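Just so it is clear, none of the values below were taken in a lab; they were calculated from the coordinates. Everything numeric in this text was worked out from a predicted model, so none of it was measured. Every residue, glycine among them, receives a Cβ derived from its backbone with ideal geometry; neighbour counts consider all protein chains shown.
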Amino acid sequence: MKKETRLVIGCHLSISAGFHKAGLDAVSIGANTFQFFSRNPRGGRARALEPADLERLGDLIRRYDFGPLFAHAPYTLNPCSEKESVREFARMVLREDLARVARLPNSYYIIHPGSRGGMEVASAIELVARSLNEALEEQPGVTLLLEGMAGRGSEVGGTFEELREIIDAVENNSSIGVCLDSCHLLAAGYDIVNDLDGVLREIDAVIGLERVKAVHLNDSKFGLGSKKDRHAPIGEGEIGAEAVLRLINHPVLTGLPFNLETPGDLDSWAREIALLREGYRGVKGKG
Ligand SMILES: [Zn+2]
Ligand SMILES: [Zn+2]
C-alpha cells in the first residue's frame, strides 16, 4: 500500500535569540523543521545550551509535529586540512558539537567533509574518517550526516563515491548518513533536472538510499557540472520550481526532512514553503 506522508519542510534560521524563538519563527512561516548553525559558522564559539530553552523547543516540536532538525557544523570545520592546527580544531568541534546535539530534541548533525588542499583524496578520506571515528566513539547515538558537495576546488564529497569511501572507512558507521543538496547535486554534475531517476539510482548503487536522511532544497545560480556552490531562491535558478517539486514528490525522497538554504528572509521563505506545500502530493513509494 502506498501511504500519504506529510511534507517536512523548513529553512535555515538564526538561533541568536534561542532555540525556542527559532522554533516560533519556523511555525510562523509554515515550517515543521529548521536548520541552525551548531556554533558561529565562521568562528567556532558555541553558546551554552539553556535547559529551559531546550525544554520549550521540545514542547513546541511535539505540539506542531516537527520532523528532525538540522544542526549544521561551522564552515571552518575541516578534518582533512593540510594544517595540523585546523585538523585539531575540527576534532575538538566534532566532539563538542556531537555532545551538544545529543542534548537537543530530535536533531541531525550535518558536516561538510572538508577541503583537502594539495593532499591526495585517499589521505584526506582517511583523516576525515579518523576524526569521525573518534567523535562517534563518544556519542554513538547521534545521527551524523555527510553533505554531498558541489565539488569546487579541492572539496571532498563532491561525488557519491567519495561519500561512500568516507562511510566505509568509519568503523562504527551505522549512525552515519548523507544529506543531499539539490544545488550541490546539479553543480557537481548530477542531472536532477532531466534525469532525477537516474541520479537516485546511482545514489542507491553507490551509497544506498537508506543512508539518505535529509535534503537541502536550493535552486542553483549556475548550471550542470559548474562546480559552483551558489544557492538561488526556488524557481529562480538553473533547477527551476518544476524540478524541485518533482524532487520533493519523488517516492524515494518523499517523507524526508527538507530545509531551504536560499537567500532571503522570513517573508520569502514563507512564500517558498507555501509554494512547496501547494505542489506536494505526498505519496510514499515504499511502505
Ligand atoms: Zn552545508
Ligand atoms: Zn551550498
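Annotations for the structure displayed:
- Coupling constants for the range 33-49 follow from the phi torsions by the Karplus curve (6.51 cos²θ - 1.76 cosθ + 1.60, θ = phi - 60°), and in residue order they are 6, 7, 10, 8, 7, 5, 6, 2, x, 10, x, x, 5, 10, 6, 5, 7 Hz; glycine and proline get x.
- Database remark: amide H of Ala232 closer than 5 angstrom to the amide H of Asp219, Ser220, Lys221 (H placed geometrically; neighbours at sequence offset of 5 or more, or on other chains; Pro and chain starts carry no H).
- Taking amide H atoms as placed 1.01 Å from N in the peptide plane, the amide H of Asp181 lies under 5 Å from those of Gly148, His216, each 5 or more residues away in sequence or on another chain.
- Net length available on complete extension from Ser14 to Lys83 is 21.8 nm, with 0.36 nm assigned per residue and the Cα-Cα distance removed.
- 18 Å reach of a label modelled at Arg62, 7 Å along Cα-to-Cβ, counting backbone N of the range 96-140: 103-107
- Stokes-Einstein D in µm²/s, Kirkwood radius over Cα pairs - the range 142-275 at 10 °C with 1.306 mPa s viscosity: 106 µm²/s
- Taking the range 70-93 and a reference point 7 angstrom along Cα→Cβ of Glu161, no backbone N atom is nearer than 17 Å.
- 5 angstrom amide H check on Ile9, placed H, neighbours 5+ away: Asn32, Thr33, Phe258
- Seen from Glu50, the other residues with C-beta closer than 13 Å to its C-beta sum to a net charge of +3, counting Lys and Arg as +1 and Asp and Glu as -1.
- Close Lys pairs in the chain, defined as Cα atoms under 12 Å apart and 8 or more places apart or on different chains, number 4.
- Rg(Cα)/(2.2 N^0.38 Å) for the chain, N = residue count: 0.95
- Efficiency of FRET from Cβ geometry, Tyr75 and Glu138, R₀ 22 Å, rounded to 0.05: 0.40
- For the range 139-209, diffusion coefficient by Stokes-Einstein and Kirkwood Rh (Cα), 4 °C, 1.567 mPa s, µm²/s: 103 µm²/s
- Packing-based ranking of 147-155, 107-115 yields 107-115, 147-155, ordered from highest to lowest mean Cβ neighbour count within 10 Å.
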